[in-house]
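Got a structure for you, written out below as structure tokens; questions coming shortly.
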Amino acid sequence: MIPLLERYSDYLPLTAETPLLTLGEGSTPLLRARHLERELGCGVLYLKYEGMNPTGSFKDRGMVLAVAKAVERGARSVICASTGNTAASAAAYAASAGLACSVILPAGYVAPGKLAQALVYGARVVPIDGTFDQALALVRGAAAVSGAELVNSVNPFRLEGQKTGAFEICDTLGSSPDVVALPVGNAGNITAYWKGFREYRDRNVVQGVPRMWGFQAEGAAPLVQGRPVDHPQTLATAIRIGKPARGDEALAAVANSGGLLDAVSDTEIMDAYRLVASTEGVMCEPASAASIAGIRKRVAAGEDLSESTVVAILTGHGLKDPATALAQFGELVPVPATLESVLHPIGTAPV
Ligand SMILES: *Cc1c(COP(=O)(O)O)cnc(C)c1O
């Protein structure tokens, strides 16, 4: 597997001084979802399984470049606000580059796997009594005072790295898909994908561009509602954001691609989360399932995808958030360790 910065060096702002960091990011699977495509009414459906990145989310694509550029300019530390995955990724790449890392998180709303990662990778973790949006405002101030490199998706190198997800999809398919569906939080990723698809078209690697479909959680849907949300709420904590930093660009991506933005409820998200795992064997995190929930909702509302090639971006790995996973199910009560007792629950009557 070729490291991401080398694989797409012609498309990235690298110089002779940029260190070619890698933890094995990118080149993630594009899985044909044959059961789910029938279930959802898509002509062809692929899952871009970004959970297979080294820290378990797409954030690694942008972070490898943002941290490399921080090293290049001589920064000694990086800082970010995070709903969890940015923190995990920043902490890992900072560790590998020998930089210090600080992360500011909304206390109580970060999935345990992500928090564990940030701590074990050696970041300084500062939880606040407040939202992600407040944390982002604080790190902007802290970066200005401390000289630490801000590695949230307001950092342009993050988007440059993340656009490679679009390149990989086109490289695998040999053409642009018709529709790309993805969850939207701070709106960096939809902005980055749209940039990547346009660059490939402009350089004549592919002919067209896809329609960009972005989905927010109903309780955290500022772009759908057209105004900031002060107290965003959703089980999908990775997209629990009320004031997206890249909101205007996301709206432009959707408008210019003939796409759409919509909101899906937590119930729709969690149904989709279980559906993609139980029909395809792919466990993503709740936020990622907003893409599947969104496709499902739009088809139910009359959108015809029966002739379309659709790609859903599964942004993060399901193992990030075991607590939300287990909360979907009842308590598992042990039975006696006898053949009789186990045959009944597995659906086989005793002979
Ligand atoms: C960060 C993240 C998102 C949202 O991406 P934005 O660029 O903030 O819109 C969605 N899903 C997961 C798993 C994430 O970590």
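Any idea which of Leu31, Leu65 is at pLDDT 95 or above, touching a Leu at 6+ places or on another chain (Cβ under 7 Å) and surrounded by fewer than 20 Cβ atoms within 10 Å (Cβ to Cβ)?
Details: Leu65 fails: surrounded by fewer than 20 Cβ atoms within 10 Å (Cβ to Cβ).
After ruling out the rest, the residue left standing is Leu31.
Also, quick follow-up: Just name the residue that is nearest to Leu14 (Cα to Cα) out of those in segment 156-195 that are among the polar types (S, T, N, Q) and within 12 Å of the ligand (Cβ to nearest atom). Walk me through it before giving the result.
Restricting attention to segment 156-195, the residues satisfying the condition of being among the polar types (S, T, N, Q) are 162, 164, 172, 175-176, 186, 189, 191.
If we keep only those that are within 12 Å of the ligand (Cβ to nearest atom) too, we end up with 162, 186, 189, 191.
Numbers: Gln162: 15, Asn186: 25, Asn189: 20, Thr191: 20 Å.
Result: Gln162.
Ok, one more. So which helices (runs of 4 or more DSSP H) are wholly in segment 168-263 and hold at least 1 residues that are in contact (Cβ under 8 Å) with a residue 40 or more places away in the chain and either surrounded by 18 or more Cβ atoms within 10 Å (Cβ to Cβ) or in contact with a His (Cβ under 7 Å, 6 or more places away or on another chain) (or both)?
Numbers: elements: 188-202, 222-225, 247-257.
Ranges flagged: 188-202, 247-257.
Could you give me the residue pairs with C-beta distances under 7 Å whose first residue belongs to segment 315-332 and is under 23 Å from Gly214 (Cα atoms), whose second residue is among the β-branched types (Val, Ile, Thr) wherever it lies, and which are 6+ apart or on separate chains?
none
Looking at Val145, Val126, which one is assigned to a helix (DSSP H, G or I) and of a type in the set (Val, Ile, Thr)?
On the way: Val126 fails: assigned to a helix (DSSP H, G or I).
Unique residue meeting the criteria: Val145.
Within segment 273-288, how many residues are in contact with a Leu (Cβ under 9 Å, 6 or more places away or on another chain) and either of a type in the set (S, T, N, Q) or closer than 22 Å to Ser176 by Cα (or both)?
The total comes to 2.
Mind listing whichever residues of segment 94-115 are within 15 Å of the ligand (Cβ to nearest atom) and either within 16 Å of Ala236 (Cβ to Cβ) or not β-branched (Val, Ile, Thr) (or both)?
Within segment 94-115, Leu105, Pro106, Tyr109, Val110, Ala111, Pro112, Gly113, Lys114, Leu115 meet the criteria.
Considering only residues of segment 47-85 that are assigned to a strand (DSSP E or B) and of a type outside the set (D, E, K, R), which is farthest from Ile104 (Cα to Cα)?
That would be Leu47.
To continue, here is another question. Checking Gly108 against (1) surrounded by fewer than 16 Cβ atoms within 10 Å (Cβ to Cβ); (2) of a type outside the set (A, V, I, L, M, F, W, C); (3) touching a helix residue (DSSP H, G or I) at 6+ places or on another chain (Cβ under 9 Å): exactly one of these is not met. Which one?
The failed condition is (3).
If you scan segment 226-260, which residues turn out to be hydrophobic (A, V, I, L, M, F, W, C) and either away from the ligand (no atom under 11 Å from the Cβ) or within 11 Å of Gly214 (Cβ to Cβ) (or both)?
Taking segment 226-260 as the starting set, the residues that turn out to be hydrophobic (A, V, I, L, M, F, W, C) are 229, 235-236, 238-239, 241, 245, 250-255, 260.
Selection gives Val229, Leu235, Ile239, Ala250, Leu251, Ala252, Ala253, Val254, Ala255, Leu260.
Among the residues in segment 260-276, are any aromatic (Phe, Trp, Tyr) and touching an Asp or Glu at 6+ places or on another chain (Cβ under 9 Å)?
Residues of segment 260-276 that are aromatic (Phe, Trp, Tyr), as a first pass: 273.
Filter once more, keeping what is touching an Asp or Glu at 6+ places or on another chain (Cβ under 9 Å): 273.
Yes: segment 260-276 contains one or more residues that are aromatic (Phe, Trp, Tyr) and touching an Asp or Glu at 6+ places or on another chain (Cβ under 9 Å).
Hey, could you check segment 308-317 for residues that are near the ligand (Cβ under 10 Å from one of its atoms) and of a type outside the set (A, V, I, L, M, F, W, C) and say which is nearest to the chain's Cα centre (by Cα)? Steps first, answer last, please.
Filtering segment 308-317 for residues near the ligand (Cβ under 10 Å from one of its atoms) gives 313-317.
Pick out the ones that are also of a type outside the set (A, V, I, L, M, F, W, C) and you get 315-317.
Working: Thr315: 3, Gly316: 5, His317: 9 Å.
Of everything passing the filter in segment 308-317, Thr315 is nearest to the chain's Cα centre (by Cα).
Could you list, in sequence order, all residues of segment 123-179 that are under 17 Å from Glu199 (Cβ atoms) and hydrophobic (A, V, I, L, M, F, W, C)?
Residues satisfying the conditions are Phe157, Leu159, Ala166, Phe167, Ile169, Cys170, Leu173.
Of the residues that sit in segment 9-59 and are closer than 19 Å to Glu307 by Cβ and among the basic types (Lys, Arg), which one is farthest from the chain's Cα centre (by Cα)?
Ranking the candidates gives Arg38 first.
Mind counting the residues in segment 264-307 that are in a helix (DSSP H, G or I) and within 12 Å of the ligand (Cβ to nearest atom)?
The total comes to 8.
Assess whether Ile128 counts as being touching a residue at least 60 places away in the same chain (Cβ under 8 Å), β-branched (Val, Ile, Thr) and either buried (at least 23 other Cβ atoms within 10 Å of the Cβ) or more than 15 Å from the ligand (Cβ to nearest atom) (or both). Step through it out loud before you land on a result.
Values: touching a residue at least 60 places away in the same chain (Cβ under 8 Å): no; β-branched (Val, Ile, Thr): yes; either buried (at least 23 other Cβ atoms within 10 Å of the Cβ) or more than 15 Å from the ligand (Cβ to nearest atom) (or both): yes.
When the stated conditions are applied, Ile128 does not pass them.
For residues that are farther than 12 Å from Val125 by Cβ and out of contact with any Ser or Thr (no Cβ under 8 Å at 6 or more places or on another chain), scanning just segment 87-101, find the one that is surrounded by the fewest Cβ atoms within 10 Å (Cβ to Cβ). Lay out the reasoning, then the answer.
Filtering segment 87-101 for residues farther than 12 Å from Val125 by Cβ gives 89, 92-100.
Filter again for out of contact with any Ser or Thr (no Cβ under 8 Å at 6 or more places or on another chain), leaving 93, 95-98.
Values: Tyr93: 31, Ala95: 17, Ser96: 16, Ala97: 17, Gly98: 8.
So the residue we want is Gly98.
Tell me the residue from Ala166, Ala236, Ala148, Ala181 that is in contact with a Ser or Thr (Cβ under 6 Å, 6 or more places away or on another chain), of a type in the set (A, V, I, L, M, F, W, C), modelled with pLDDT of 95 or more and closer than 20 Å to Ile295 by Cα, please. Let's see the steps before the verdict.
Working: Ala166 fails: in contact with a Ser or Thr (Cβ under 6 Å, 6 or more places away or on another chain); Ala236 fails: in contact with a Ser or Thr (Cβ under 6 Å, 6 or more places away or on another chain); Ala148 fails: closer than 20 Å to Ile295 by Cα.
Of the residues listed, the single one that is in contact with a Ser or Thr (Cβ under 6 Å, 6 or more places away or on another chain), of a type in the set (A, V, I, L, M, F, W, C), modelled with pLDDT of 95 or more and closer than 20 Å to Ile295 by Cα is Ala181.
The values are calculated or read from the model by the stated rules, or taken from the named source; none is laboratory data. All values reported here derive from a predicted model rather than from experimental measurement. Counting neighbours? That spans all protein chains shown, and the Cβs are built from the backbone with ideal geometry, glycine included.
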